[in-house]
Every structure is written in C-alpha cells, then in structure tokens.
1. Return the residues of segment 60-86 that are under 23 Å from residue 45 (Cβ atoms) and open to solvent by less than 50 Å² (accessible area, probe 1.4 Å); say none if nothing qualifies.
2. Are there any pairs with C-beta distances below 6 angstrom linking a residue in segment 77-91 that is closer than 11 Å to residue 48 by Cα to a residue that is loosely packed, with under 12 Cβ neighbours inside 10 Å and not small (Gly, Ala, Ser), with the two at least 6 apart or on different chains, and if so which?
3. Would you call residue 57 among the polar types (S, T, N, Q), touching a Lys or Arg at 6+ places or on another chain (Cβ under 9 Å), open to solvent by less than 100 Å² (accessible area, probe 1.4 Å) and at pLDDT below 90?
4. Looking at segment 26-41, is at least one residue among the charged types (D, E, K, R), surrounded by 10 or more Cβ atoms within 10 Å (Cβ to Cβ), at pLDDT 85 or above and in a loop (DSSP other than H, G, I, E, B)?
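The values are calculated or read from the model by the stated rules, or taken from the named source; none is laboratory data. Worth saying up front: this structure is predicted, and the values here are computed from it rather than measured. With ideal geometry, Cβ positions are generated from the backbone for all residues, glycine too; neighbour counts draw on all protein chains shown. The accessibility values were calculated without ligands, DNA or RNA, using every heavy atom of the protein model including side chains. Shrake-Rupley method; radii C 1.70, N 1.55, O 1.52, S 1.80 Å.
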Amino acid sequence: MDRDLVLLVEEEHAHEPRVCLEVSDDGTATGFVSVFPRVEFQDIDREFIFVIDRSGSMGWAHPSQKKTQIQSASEALLLFLRALPPSCTFN
C-alpha cells in the first residue's frame, strides 16, 4: 500500500455496557466485558501554550501527501483551539 488505511467506525450506543462471547469451531470461547463509568467534566480556566516546530523540515511533504507537515500541524492546532472551552486562554 502506498497510503494509510483509515477506518471510521461509529456505534449507535458506544458508551453502554456490553458483553460479547465468541465460540470458535473447536469449542474454545473468547469473551469480553466493557463498562463505561459516567464521568462529568467541568470546564476549568486554563492557559495553554502551544509550541510548533517551524524549521525547514516542516515544509516537507511526503510524495503521497498533498499537505506539508506545517500545514497538517496548523490544521491540528485549529481543531484543538475550536475544542477549547471559552474560558481558556492560549499563546
């Protein structure tokens, strides 16, 4: 393969407890139990300081990519900034 394989899976009931048991043809069984605790987060005022490498190597893009590394870093930073609570500050 000359590129990454990206698989996006979305579950309708992702955070509900579940049990799964699978039995193979030879009779052996494998199972799992998943439990998700209910956690509530409160927005807390914080200051974030972002450090981004601006060296010459960040201008490089792999031949299979259309974006340079600095463009990818910029997009990731914008995504993170949009996710910050309004009470946070950043530099």
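1. Passing the criteria: 77, 81, 84, 85.
2. 88/46; 89/47; 90/48; 91/49
3. no
4. no
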